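Data first, discussion second: the structure below is written as structure tokens.
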Amino acid sequence: MGSSSPILATRQMRAVEEAAISSGVETGSSLMERAGRAAAAAIAAHWPEFIRDGREALILCGLGNNGGDGYVIARHLAGQGWPVRVAALGQPGTVEAEGASALWRGQTVGIGSVSMASGRRIGLCIDALFGTGISRPLDPEIAGLLRGIAASGCPIAAVDILSGLCATSGRVLGDIRLPEADLTVTFHRPKLGHFLSDGGTLSGQVVTCDIGLEPWSEAAGDSVLLAGPSQALQKRAGHKYSHGHALIMAGGAGKGGAARLSGRAALRVGAGLVTVAPPPDALSENAARLDAIMLDGLSDAEAMLQRLRDPRINALCLGPGLGLPRAKELVPAALSVGRPVVLDADALTAFADGPDGLFAQLHEGAVLTPHDGEFARLFPDLARKVRDETAKGPAFSRLDAVRLAAARCGATVLLKGPDTVISSPEGRALIAAATGVYAAPWLATAGSGDVLSGLITGLLARGFEPLDAAGTAAWLHAEAARQFGPGLIAEDLPEAIPAVLRTLWN
């Protein structure tokens with residue numbers, strides 16, 4: 001992947017910090033000082049007018065090292081001229097936090113004394129209560145305080161992660177309602193919880209600060225990557241067959257719109273040729289809507305296999321608008337050929353009653369692209385674990401579910417959503433985040449998933465590996481929606497692709 005960046009689970013971040021400390025080069029206190037200073041700078045840069053207006057920063061400090069970061073932030077913001085007040089849960093409970101607290105010479109009050117009804121105007125609330133270390137539900141009184149502060153119009157800046165969120169899964173622990181942070185300042189690397197599940201909405205803008213841990217990054221082990229643009233998107237010289245031929249199987253009369261969307265997306269993303277193949281009686285209606293995309297009337301599995309005797313057809317897409325009976329017949333035949341294939345929509349639902357039969361036929365070149373409902377039909381036990389309330393962290397996540405699903409079925413699985421999660425059967429994973437400042441809510445429109453399937457198919461035809469094809473397509477899909485903006489419908493997405501591609505090399 002091109003500009004992908006690593007994202008860490010809580011245990012991985014701890015491993016990096018422990019490696020730095022055990023090296024003798026760093027101490028817990030030196031890392032805390034650097035983190036607090038960097039966070040203060042990021043917060044001041046985000047709200048520069050607050051100093052000018054004299055708006056108070058209320059810093060909520062917990063007992064652990066997240067609270068220690070809060071004391072360091074307090075000291076550095078006060079040094080810049082901010083009015084600062086610290087509200088603490090109690091006496092610091094770690095050596096590093098105790099040292100940071102001792103260096104803070106300003107006002108500290110008990111957190112119980114904080115009230116939005118006091119008439120004292122709070123300009124900014126900085127949440128340094130629990131951070132990534134929380135493993136149980138947030139106390140209802142603390143959650144209520146945060147909600148009240150947010151309801152008053154006061155922005156919240158979270159240190160590392162909003163208190164109450166599981167930093168590994170992004171799920172809110174327990175039956176607690178949390179407010180949205182406006183800004184989250186984290187350190188070294190973003191955390192999974194900033195993008196997954198509730199965390200994608202509640203974290204706000206995520207700013208990652210460098211605190212000098214790069215020499216020990218390898219201690220984290222293999223990381224999940226944020227999907228991003230790939231240099232391989234730029235087409236090399238050659239003729240049309242140099243860039244692959246994608247075959248999109250289509251449904252019957254009146255059902256071809258989804259396949260046409262997929263076909264247009266595959267062509268826009270750079271496949272050299274694309275053929276849409278409905279039954280013969282639907283050729284005329286598709287011909288009226290397609291020009292650069294070729295057509296072939298394929299009535300059944302035998303006709304499709306005959307067409308696939310052409311080795312230049314090197315990627316297939318089945319599912320969008322296919323119809324369940326046609327999907328049940330065509331999918332096994334398509335899988336028997338062993339070429340890269342995207343299975344979506346009807347190609348998944350057709351096997352919901354017996355998914356193990358489908359899994360037995362899958363191969364490493366297959367990509368499954370379910371939304372939450374389709375995922376639940378294929379992997380009901382995993383979907384249930386993601387839905388069930390959790391009172392203990394690290395919680396079971398969408399990432400966990402997709403990794404297990406990919407291993408179970410032996411194919412790459414892409415679970416759609418604002419936090420689209422993708423995994424290979426071996427567990428290599430990507431997150432294509434359309435959350436926070438990168439949100440693309442206009443994708444919630446009929447047909448957008450068909451476009452995504454076509455993008456993946458086009459990249460497979462161009463020679464991308466399944467995981468990279470899925471991740472690059474998911475990023476491109478969301479970026480096209482972001483650039484187009486409000487009013488987007490599925491037909492707009494393929495037409496928005498060229499503008500996104502131009503930005504990558506201009």
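The values are calculated or read from the model by the stated rules, or taken from the named source; none is laboratory data. From a predicted model like this one, the values you see are computed outputs, not experimental measurements. Cβ atoms come from the backbone with ideal geometry, glycine included; neighbour counts cover every protein chain shown. These accessible areas exclude ligands, DNA and RNA; they are computed on the full protein's heavy atoms, side chains included. Shrake-Rupley method; radii C 1.70, N 1.55, O 1.52, S 1.80 Å.
Here are the numbers for the structure shown:
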quantity	calculated
Difference of contour (0.36 nm per residue) and Cα-Cα distance, R289 to T94	63.4 nm
Positive-end residue of H194, F484, S135, charge dipole of the chain with Cβ unit charges	F484
Accessible area (Å², 1.4 Å probe, nearest 10) - D175	130
Y241, Y438, Y71, ranked by accessible area, largest first (probe 1.4 Å)	Y438, Y241, Y71
Diffusion constant of segment 162-227 at 25 °C, which comes from Stokes-Einstein with the Kirkwood Cα-pair radius and 0.890 mPa s, µm²/s	194
Model label zone, S23; criterion: amide N under 19 Å from point 7 Å along Cα-to-beta-carbon; scope segment 190-213	190, 209-213
Angstrom value of the Kirkwood radius, inverse mean 1/r, which spans all Cα pairs in segment 440-506	12.0
Nearest-20 debye value, the chain charge dipole, Cβ charges on Lys, Arg, Asp, Glu	520
Three-way shape label, the chain, alpha-carbon gyration tensor, a/c 1.5	prolate
Charged-residue dipole, Cβ positions (Lys, Arg, Asp, Glu), segment 38-150 about Cα centre, Debye nearest 20	280
Over the chain, relative contact order from alpha-carbon pairs under 8 Å, at least 6 apart, %	14
Spin-label model distance (nm) - A352 vs A444, 7 Å beyond Cα toward Cβ	2.1
Highest-first arrangement of 262-273, 403-414, where packing means the average Cβ count within 10 Å	262-273, 403-414
In degrees, nearest ten, helix 28-46 long axis to first principal axis of the chain (Cα)	70
Solvent-accessible surface ranking, highest first, for K235, K191, K255 at 1.4 angstrom	K255, K235, K191
Cβ-Cβ FRET estimate between K392 and K235, R0 fixed at 56 Å, reported to 0.05	0.70
Sulfur and carbon atoms: percent of accessible area, the chain [1.4 Å]	50
Three-way shape call for segment 62-143 based on the alpha-carbon gyration tensor, with the a/c threshold at 1.5	oblate
Packing rank of 9-19, 244-254, where each peptide gets the mean count of other beta carbons within 10 Å, highest leading	244-254, 9-19
Exposure rank, largest accessible area first [D468, D210, D139; 1.4 Å]	D210, D139, D468
Per-peptide average of other Cβ atoms within 10 Å, ordering 86-95, 348-357 highest first	86-95, 348-357
Cα gyration tensor shape for segment 326-426, rounded if a/c is under 1.5, else prolate or oblate	prolate
C-alpha center-to-center spacing [segment 221-262, segment 449-501] in angstrom	8
Principal-axis tilt of helix 466-484 within the chain, Cα atoms, nearest 10 degrees	70
Helix-only CD estimate at 222 nm, as mean residue ellipticity for the chain, using -39500 (n - 2.57) per DSSP H run (n ≥ 4)	-11500 deg cm²/dmol
When each of K240/K328; K191/K240; K255/K385; K235/K328; K191/K385; K328/K392 is checked by Cα-Cα distance, pairs over 30 Å	K240/K328; K191/K240; K255/K385; K235/K328; K328/K392
